[in-house]
Amino acid sequence: MKMRNEKLVVLVEGALMVAVAFVLSFVKIYDLPQGGSVTLGSMVPILLFAARRGAGPGIMVGAVYGMLQFIIEPVFVHPAQLVFDYPLAFGALGLAGLFGENVLKGAFAGVFGRFVSHFISGVIFFAEYAGEQNVYLYSATYQAGYLVPEFIISVLVLRLGLHHLVKRPRI
């Protein structure tokens, strides 16, 4: 019975974190023209959940959040692009769970994983936007244009306001 209750607690916590991330995703500082935006810390709940519960649950919750983002603001050019830009990219935020209470390393791992996924998608599916530029440089610059500020905001929020919540709860 205890194992079942623990799973239920993790499931409910994950659902709440997805809901909070979703609400924060509407508080935008700026949007980029081909997708991507800087928000008021919408990645924080997913990163926090991953740090508390581990990489596996964090990846699952991030992937669910990514699919919710697709439903609300879809950018779709190919089925593989959908996978790279939504469940894979946002699921990568769960990599923060590999570092437990080390918020900086965890946030970096999660956001870098998201960057890599969006970068690959940009190179393969959005190369025409590069024009005369090197497509790899274009994709890296484009992704960094919103993910670096998102990373900074996330780390500041986690370090200054929520760092005490990162400790893994005992159930």
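The values are calculated or read from the model by the stated rules, or taken from the named source; none is laboratory data. Predicted model only: the values in this text are computed from it and were never measured. No Cβ is skipped: glycine too gets one built from the backbone with ideal geometry, and neighbour counts run over all protein chains shown. To get the accessible areas, we keep the full protein, side chains included, count just its heavy atoms, and leave off ligands, DNA and RNA. Shrake-Rupley method; radii C 1.70, N 1.55, O 1.52, S 1.80 Å.
Here are some notes:
- Fraction of accessible area attributable to carbon and sulfur, the chain (%, probe 1.4 Å): 72
- Rel. contact order, % - alpha carbon contacts under 8 angstrom, at least six apart, the chain: 24
- Using the 1.4 Å probe convention, the accessible area of the chain works out to 53 Å² per residue with neighbouring protein chains retained.
- Take the Cβ atoms of Leu16 and Val77, set R0 to 45 Å, and the FRET efficiency comes out at 0.90.
- Summary: within the chain, the longest segment free of chymotrypsin sites (Phe, Trp or Tyr not before Pro) located in DSSP loops with at most 15 other C-beta atoms within 10 Å is 77-171.
- Selected from Val75, Asn134, Tyr86, residue furthest toward positive end of dipole (the chain; charges at beta carbon): Tyr86
- In loop segments of the stretch 104-156 as defined by DSSP, the GluC sites (Glu not before Pro) with at most 16 further C-beta atoms inside 10 Å of their C-beta are Glu132.
- Whole-number percent relative contact order across the stretch 1-81, with pairs defined as alpha carbons under 8 Å at least 6 apart: 27
- Two-decimal Rg to Rh for the stretch 13-112 - Kirkwood Rh, Cα set: 0.96
- Within the chain: Cβ-based charge dipole about Cα centre, in debye rounded to nearest 20 (Lys, Arg +1; Asp, Glu -1): 1000
- If the chain linking Tyr129 and Lys105 were pulled fully straight, counting 0.36 nm for each residue of separation and taking away their Cα-Cα distance, it would gain 5.4 nm.
- Between the stretch 87-114 and the stretch 1-57, the alpha-carbon center distance in angstrom: 12
- Structure-based [θ]222 nm, the chain - -39500 (n - 2.57) summed over DSSP H runs of at least 4, per residue, nearest 500: -20000 deg cm²/dmol
- For the chain, convex hull volume per residue from C-alpha positions, Å³: 101
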